[in-house]
Every structure is written in structure tokens, then in C-alpha cells.
Amino acid sequence: VLGYAADCMIKGPNTIDFSNGHQSSLPDFDSFKYTYGAKVNGDNCVGGCVGTLYSSALIGVATKANVIGETEDVGGVIGKAYCDRDENVITSNSFDGNVSATGSKIGGIVGYLSVYCANYWYFNNNIAYGNINGGEAVAGVIGFMYSNSGGTYIEYCVNAATINGSGHVGGVIG
């Protein structure tokens, strides 16, 4: 949908809340209102919805796509998210499909998440389905994360995807 988004809010119609901890099963991806990304190809900073998200909020977006990257920073929803301001959020987003890259920092929701803010920043209630394949730092939700923040909160995220990688492979964070 977007190659580069800065200083904005992207809001979809979906709400996901895993915070009460009483879910007996995961929601079916088809219950979300989603956008088809079809097939998204690129070298780096490749995402099914946004290639690079800079100091912005992404809320309630569901993406169904095949995302293929050549090198690094490849995600089902966002390829690279960089935040240097307080109070931005990535919440209630979902992905279903395939993410594939030969390089590093590959994730079902975000390939590379970098947070540089003084107070707080939230990444919560995100879920990934499908298949995530890459080299190093591969995960169902966030492939690679760096935070130099006073309060970065990763909460209530779920991986329901199959993950394959050569090193630093995780269900939620690589």
C-alpha cells in the first residue's frame, strides 16, 4: 500500500485484544477485514502494507500477501519501523501469507523494529499466521528489535506462523 510513511497514523477497521488472557482459541484470520497485498517484491525494507514506517502509528490493519525480499528488513505488514518520538503505537495488526527473504531481520509483522524515544512506545495485540522464512533474525512477529527507550512495551503478541531460519529464530522475536 505504501512504500514509505512518516509522521502519520494509518488506521484500519480491526481490533485485537489478547490482554485478558482468557482466549480459548485464536481468531481466524478471515474474521478480519483485510487488504490483499497480492505479491510484494523488493530488495530491502519490504512490507505487505508499508515498506518503511517512520515515527508513525499503525493500528488495526490486516494484510494478506506474499512478501518477498532479497536482503533484509522484510515483514508481512511492515518491512522496517523506526520510531524516535514518544507515544507511537503498532497495535491490533495481523498478517496471513508468506514472508520470504535470504537475508536477515525477517518477521511476520515487522522485519526490523528500532525504537529511540525517551518515554514510552507500544507494540501490542499483533498476530501473524502463515509461513516466515529467512536467514538470520527471523520470527513470527518481530524479526529483529533494537530499543534505546525509557519504556518499550511488547505485549500480547501472538505467533501462529511456521518459522524457518538459519540463526536467531524465535516465535515472537528473533
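Residue check, residue 44 against (1) of a type outside the set (Gly, Ala, Ser); (2) in contact with a Phe, Trp or Tyr (Cβ under 6 Å, 6 or more places away or on another chain); (3) at pLDDT 90 or above; (4) in a loop (DSSP other than H, G, I, E, B), all met but one. Which one?
Failing condition for residue 44: (2).
Look through 58, 53 and report the one residue that is free of Cβ contacts under 8 Å to residues at least 60 places away in the same chain, farther than 12 Å from residue 94 by Cβ and in a strand (DSSP E or B).
53
Quickly run through the range 121-141 and pick out the residues that are closer than 12 Å to residue 99 by Cα and either touching a Cys at 6+ places or on another chain (Cβ under 6 Å) or crowded, with 24+ Cβ neighbours inside 10 Å (or both).
Residues satisfying the conditions are 128, 132, 134, 138, 139, 140, 141.
Pull up the range 74-90, narrow it to residues that are without any contact (Cβ under 8 Å) to a residue 60 or more places away in the chain and under 11 Å from the mean Cα position of the chain (by Cα), then point me to the one that is surrounded by the fewest Cβ atoms within 10 Å (Cβ to Cβ).
80
Could you check residue 27 against (1) in a loop (DSSP other than H, G, I, E, B); (2) open to solvent by less than 60 Å² (accessible area, probe 1.4 Å); (3) modelled with pLDDT of 80 or more and say which number it fails?
Unmet for residue 27, out of (1) in a loop (DSSP other than H, G, I, E, B); (2) open to solvent by less than 60 Å² (accessible area, probe 1.4 Å); (3) modelled with pLDDT of 80 or more: (3).
Check the range 92-102 and report whether any residue there is free of Cβ contacts under 8 Å to residues at least 40 places away in the same chain and aromatic (Phe, Trp, Tyr).
no
Here is a list of conditions, (1) open to solvent by less than 90 Å² (accessible area, probe 1.4 Å); (2) in a strand (DSSP E or B); (3) under 17 Å from residue 95 (Cα atoms); (4) at pLDDT 75 or above, and residue 14 meets all of them except one; can you say which number that is?
With respect to (1) open to solvent by less than 90 Å² (accessible area, probe 1.4 Å); (2) in a strand (DSSP E or B); (3) under 17 Å from residue 95 (Cα atoms); (4) at pLDDT 75 or above, residue 14 is out only on (2).
Report those strands (runs of 3 or more DSSP E) wholly inside the range 82-174 carrying at least 1 residues which are under 27 Å from residue 33 (Cβ atoms).
Of the strands (runs of 3 or more DSSP E) lying wholly inside the range 82-174, those with at least 1 residues that are under 27 Å from residue 33 (Cβ atoms) span 89-91, 94-101, 110-115, 121-124, 127-133, 136-139, 142-147, 152-155, 158-164.
The values are calculated or read from the model by the stated rules, or taken from the named source; none is laboratory data. Please read these numbers as outputs of a predicted model, since none were measured by experiment. So basically every Cβ, Gly included, is an ideal-geometry build from the backbone, and we count neighbours across all protein chains shown. Just the protein is used for accessible areas: all its heavy atoms, side chains included, with ligands, DNA and RNA removed. Shrake-Rupley method; radii C 1.70, N 1.55, O 1.52, S 1.80 Å.
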